[in-house]
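The values are calculated or read from the model by the stated rules, or taken from the named source; none is laboratory data. In this text the structure is predicted, and so the values were computed from the model without any measurement. As a convention, Cβ positions derive from the backbone with ideal geometry for all residues, glycine included, and neighbour counts pool all protein chains shown.
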Amino acid sequence: MKILVKAPAKINLSLDVLHKRNDGYHEVEMVMTTIDLADHIELSDIRDNEIQIVSQNRFVPDDGRNLAYQAAQLLKDRYHIQKGVSIAIDKVIPVAAGLAGGSSDAAATLRGLNQLWGLGLSVDELADLGAEIGSDVSFCVYGGTAIARGRGEKITHLQAPPNCWVILAKPSIGVSTAEVYRNLDLNHVDHPDIQAMIAAIERQNFQQICNVAGNVLENVTLKSYPQVKHIKDQMKRFGADLVLMSGSGPTVFGLVQHDSRLQRIYNGLRGFCDQVFAVRMLGERERFLY
Ligand code: ATP
């Protein structure tokens with residue numbers, strides 16, 4: 001049997017880091033939303049009792065370092081499953097880009113194997129398992145729009161933001177999340193107003209969302225990678241309503257509501273940036289769950 005699952009990327013409308021915890025993780029507060037840029041995963045039964053990763057993308061590990069592999073291994077161990085699976089990942093989301101591609105692959109694998117192996121787990125149970133794999137995996141299990149607290153695994157659902165276009169531009173560098181956190185000096189940051197973001201989403205006020213969005217990691221990445229600043233400046237110049245880095249970067253996203261401006265920004269960025277995407281937000285959970 002075969003199951004196809006979609007693994008959509010996320011962007012951070014707000015990302016705040018509160019403090020470093022005794023267990024080494026950072027306590028965060030983030031507003032995240034899924035977007036219509038997705039990897040496609042095909043899960044198939046295989047005869048041998050093993051996990052196989054198949055991907056054409058040379059940056060995607062094909063062993064236990066792959067988060068989708070870890071998701072399958074976790075389910076096999078926890079529920080004593082003596083079956084093998086092939087996980088074919090058609091990679092669309094740029095790797096190491098701040099878009100949670102690996103985490104979303106893991107979440108989609110949890111959802112898909114729940115079906116393929118008839119485990120009957122609830123979405124909440126899958127999200128709890130996801131937290132054991134990585135901080136963003138729980139959010140990716142649910143998708144939609146949510147506040148993520150703790151180290152990212154405590155999820156409170158929000159309604160979808162007003163409909164808009166998301167333009168993504170990724171410079172040809174990969175950024176290590178761990179390194180960005182190491183370089184973060186919490187004594188010198190402007191914390192974004194998360195409550196104001198929640199209120200803006202509740203009121204469906206697009207302009208207010210753009211006004212209060214912020215990412216505490218942005219300046220850290222901008223310092224090391226001037227090309228990210230260049231993309232930000234260009235996106236603003238071409239007329240995006242909001243321009244912000246996602247996660248630890250280096251992907252920059254722009255939000256825009258008017259179709260006419262979308263084309264101008266997209267074409268302008270294509271001139272000097274090789275990975276540019278224009279997609280819709282997938283702010284509603286139900287749009288891609290199962
Ligand atoms: P994070 O912000 O959580 O670090 P990201 O979106 O910036 O995530 P990913 O695309 O998830 O970055 O990749 C980060 C690293 O994870 C890659 O360098 C890669 O070696 C590893 N990785 C593990 N599993 C996957 C996967 N399924 N797809 C892509 N990368 C993966």
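When the residues of the range 125-153 are filtered to those that are touching a residue at least 12 places away in the same chain (Cβ under 8 Å) and charged (D, E, K, R), which remaining residue is farthest from Ala196 (Cα to Cα)? My answer is Glu132.
Of the strands (runs of 3 or more DSSP E) lying entirely inside the range 120-201, the ones with 1 or more residues being small (Gly, Ala, Ser) and modelled with pLDDT of 95 or more are found at 145-149, 165-170. When the range 202-229 is limited to residues that are in a helix (DSSP H, G or I) and of a type in the set (D, E, K, R), the one that is farthest from Tyr25 (Cα to Cα) turns out to be Glu202.
If you take the residues of the range 231-275 that are small (Gly, Ala, Ser) and under 18 Å from Gly144 (Cα atoms), which of them is surrounded by the most Cβ atoms within 10 Å (Cβ to Cβ)? So the residue we want is Ser246. Of all residues in the range 181-193, exactly one satisfies the criterion of being closer than 28 Å to Gly144 by Cα and either crowded, with 20+ Cβ neighbours inside 10 Å or of a type in the set (S, T, N, Q) (or both), namely Pro192. On inspection, Ala278 fails the criterion of being surrounded by fewer than 23 Cβ atoms within 10 Å (Cβ to Cβ) and more than 24 Å from Val92 (Cα to Cα). Considering the range 153-177, and only residues there that are over 14 Å from Val28 (Cβ atoms) and aliphatic (A, V, I, L, M), the residue that is nearest to the ligand (Cβ to nearest atom) turns out to be Val175.
Taken over the range 1-27, the criterion of being farther than 16 Å from Leu37 by Cβ and in contact with a helix residue (DSSP H, G or I) (Cβ under 9 Å, 6 or more places away or on another chain) is satisfied by Met1, Lys2, Ile3, Leu4, Ser14, Leu15, Asp16, Val17, Lys20, His26. When the residues of the range 33-62 are filtered to those that are of a type in the set (D, E, K, R) and more than 16 Å from the chain's Cα centre (by Cα), the one that is farthest from the ligand (Cβ to nearest atom) is Arg47.
Return yes or no: is Tyr69 without any contact (Cβ under 8 Å) to a residue 60 or more places away in the chain and more than 16 Å from the ligand (Cβ to nearest atom)? For Tyr69, the condition - without any contact (Cβ under 8 Å) to a residue 60 or more places away in the chain and more than 16 Å from the ligand (Cβ to nearest atom) - is not met.
Checking each residue in the range 95-119 for being within 11 Å of the ligand (Cβ to nearest atom) and modelled with pLDDT of 95 or more picks out Leu99, Ala100, Gly101, Gly102, Ser103, Ser104, Asp105, Ala106, Ala107, Ala108, Thr109. One residue alone among Val123, Val141 is farther than 29 Å from Gln227 by Cα and surrounded by 24 or more Cβ atoms within 10 Å (Cβ to Cβ), and that residue is Val141.
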